[in-house]
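Have a look at the structure below before the remarks.
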Amino acid sequence: MDQVNALGRYLSGMKAEKFMLDSEWWTIEDLFSRLNNFLTEEYKLGMDEVVMSRVVKCHEYLANFIATKDEVVYGVNTGFGALANTRIDNDKLSELQDKILVSHACGVGEEVPEIIVSAMLLLKAKALGQGYSAVNPATIQRLLDMLDKGVMPIVPSQGSLGASGDLAPLSHLAIPMIGEGEVSIDGDDPVHASVAMKEFGWSPLKLEPKEGLALINGTQMMLGYGVVSMLRIEQLMEWADAIGAWSLEAWSGLISPFDHDVHRIRNQKGAMDVAASVRSWVEGSVKMKASQNHVQDPYSFRCIPQVHGATRDVAAKARELFEDEINAVTDNPLVFPDDDKIVSAGNFHGQPLALALDGLTLAIHELASISERRTFKLMSGIRKLPAFLAKDPGLNSGYMITQYTAASLVSMNKQLTTPSSADNADSSDGQEDHVSMGANAALKLWMVIDNAEQVLAIEALCAAQASDLGAQAGLGEMSPRLSVLQHSIRKSIPFLEEDVFMSPLLEDALEWITLNNPNTLSPCL
C-alpha cells in the first residue's frame, strides 16, 4: 500500500480547485477540456479527494477480502473467460494480471488515431475512478501521467468483439504500464515502452489482483471513437445545413419548404432546427427573392429539413448515451465495499454503444447521400446555370467528374452502413456467446464520416462555382452569410475558368471544411 499512501500525501498537498479527475458528471466538452488541459494547465494532474477516497476504499476492501476469505472471485483468483473455473494460487495473483495484458494484446490493423488513444486513456481513468474496480490509485495516476507526458500507446484498431469490452485494444493501451508494447512520445515514431519508462523515471507497475482485468474490461475504444466522432459529426451537421443553403440559393431554389409553420405542425425538433438554420443562411439574399417559374424543388432541396433534421435527432440521442457511458463503470467483476459484495456481471458489453454507433453511421451516410443528389442537380444545366458548371461546356467538362467521385463515396458508405451490431460470433469456448461488434461499428462510423466530409466538400466546390456563375449572369446578390462562405473558399480555391487538374481542389475543399466551422468564419476578405 506504499504507492497508495504516497499518492494520498501528494494529493493532500495540492490546493487547486480543479483536478484532472474529479467526481463530477462529465459531458463530452468536459472530457475534451481536460484533454486540452495538457496545454492550458487549467486542471491539476491527479484525483480530487472524493475520487481518491473511494478508489482507496475499494482497493483496500478487495485486498482485505483476498487476505481473509477463501472464496473464488472471477478474474481475481481464477482464469479468464472459459477458464473461469480454474483456481489460481494467491502467490500468483499478480502474475495472473500481467499475463492477461500480454496474452490479450493481439490487435491487428491500422493504428487508432492518437486523439482517440488520448481519449481512451482519460476515459479509462474516469471509469476506474468511480471506485468500483478495486484498482490501486497509482494505476489510475499512471494513466494520467502518460497523458501528461504525451506517452501514447500504439493501439491496433482491429481485434475487438465489443463484448467483454474492447479486450485487445485496451490490452495494447495498458501493457506500456508494465513495460511492454510500444508507445509514441509527443507524436514521434513508435518506441518500446521501456524507452518512455527510462525517459520519465517510471518503473513498471506491479499489478495487484484484478487490476489487469479492470484495465482491459470496458468500452473505452468504442466510446473513444464515439466521442471524437461526435465532435466531427456536430461540425459536419453545421456544414451540411450551410452547404445545402448555399446550393439552394445557387440553384434558385424555393424558401417556402423552410417555413417554420410547416415544421411546427410536425413537431420534429431536428427538422425545425434545420429549417431555422437554412433560413438564417439565406436571409437577405436578393437571389432568393426573385420570382421563379417552378413551383416545387426536388426532394434533395425541398426536404433538407426532414433529412438533415433526422440526422440531428439521431446525433442528439447518441450524445446522451455517450455521456452516460463516459460516467459509467464498465469492467467486471464489480466491487461494492459499502454492501460487502463482489458481483460478476456484464457491464462491459458494448451493445448500447454498438446500436448508437450503427445508427450514427446511417445518419451520417444520409447527409452525404442527399448532398450528392444536390451536386447532381447543380450539374444539370438548368436554372440558368451551364451544364456541369463549366464556363464553356463541351470544350470543358467543368465539375462533371466530381459528382462521380461523390457518387462513388456515397456508394461505399451504403455498404458500410450494414449494421455491425446485427452480427455475432461465438468466442471463449462458448462462454462469450453474444457479442456486440461495437468496435467494428465504431471503425465503420469513422470511415463514413471521412467519406461524408469529402462529399460535402465537393458540394461546397460546386455551390461556390454556381454562385459565381449566377453572379456573372446577374441573377442577384448572395445572402450576407453565404457571401462569407464564398469569399472564404475563394481564398484558396479559385473560380474554375477552364479545366484544370481537379484532385488538389477536392483536397483543398476537404481541408477547408474540416479545419473550419461555418458559423465562425470571419466575414473579412
(message) Need the full-extension length gain, K269 to E110, defined as separation in residues times 0.36 nm minus the C-alpha distance. One decimal, nm.
(response) 53.4 nm
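Is region 265-307 best put as rounded, prolate or oblate by its Cα gyration tensor, with a ≥ b ≥ c the root eigenvalues, rounded for a/c under 1.5, and otherwise prolate when a/b is larger than b/c, oblate when not?
Details: a/c = 2.60, a/b = 1.44, b/c = 1.81.
Since a/c reaches 1.5 but b/c is at least a/b, the shape of region 265-307 is classed as oblate.
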(request) Measure nothing but the geometry: give the 0 to 90° angle between the long axis through the Cα atoms of 220-250 and the longest principal axis through the Cα atoms of the chain, rounded to 10°. (result) 10
(request) Along Cα→Cβ, 7 Å out, is where each label goes; now give me the distance between the ones at N327 and D70 in nm to one decimal. (result) 4.4
(request) When a/c is below 1.5 the answer is rounded, else prolate if a/b is larger than b/c, else oblate, so apply that to region 129-259 with a ≥ b ≥ c taken from the square roots of the Cα gyration tensor eigenvalues. (result) prolate
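With a cap of 10 neighbouring Cβ atoms within 10 Å, and only residues DSSP puts in a loop, list the trypsin sites (Lys or Arg not before Pro) found in region 67-167.
K69
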(request) Please sort by residue number the trypsin sites (Lys or Arg not before Pro) in region 212-311 whose DSSP state is loop and whose Cβ has at most 16 other Cβ atoms within 10 Å. (result) R266
(request) Between D30 and S492, with labels modelled 7 Å along Cα→Cβ, what's the label distance in nm to one decimal, could you check? (result) 3.5
(request) Between D392 and E199, with labels modelled 7 Å along Cα→Cβ, what's the label distance in nm to one decimal, could you check? (result) 5.7
(request) Compute the Rg/Rh shape ratio of region 205-321: radius of gyration over Kirkwood radius, all on alpha-carbon atoms. (result) 1.26
(request) Round to the nearest 0.05 the FRET efficiency obtained for N85 and D426 when R0 = 22 Å and r is the Cβ-Cβ distance. (result) 0.75
(message) What does the extension gain come out to for S503 and D148, with contour length at 0.36 nm per residue minus their alpha carbon separation?
(response) 123.9 nm
(request) Classify region 2-218 as rounded, prolate or oblate from the Cα gyration tensor: take a ≥ b ≥ c as the square roots of its eigenvalues, call it rounded if a/c is under 1.5, otherwise prolate when a/b beats b/c and oblate if not. (result) oblate
(message) Taking R0 as 35 Å, what FRET efficiency do you get between D259 and T520 from their Cβ-Cβ distance, rounded to the nearest 0.05?
(response) 0.80
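Contour minus end-to-end for D339 and V295, with contour as 0.36 nm per residue of separation and end-to-end as the Cα-Cα distance?
Details: separation 44, 0.36 × 44 = 15.84 nm, distance 6.87 nm.
Here the segment from D339 to V295 would lengthen by 9.0 nm.
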(message) Ignoring everything except DSSP H segments at least 4 long, calculate the 222 nm mean residue ellipticity for the chain; use -39,500 (n - 2.57) per segment, divide by total residues, nearest 500.
(response) -18000 deg cm²/dmol
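Every number here is computed from the coordinates shown, using simple stated rules; none is lab data. This structure is a prediction, so every number in the text was calculated from the model and none was measured. FYI the Cβ positions are ideal-geometry reconstructions off the backbone, even for glycines, and counts take in every protein chain you see.
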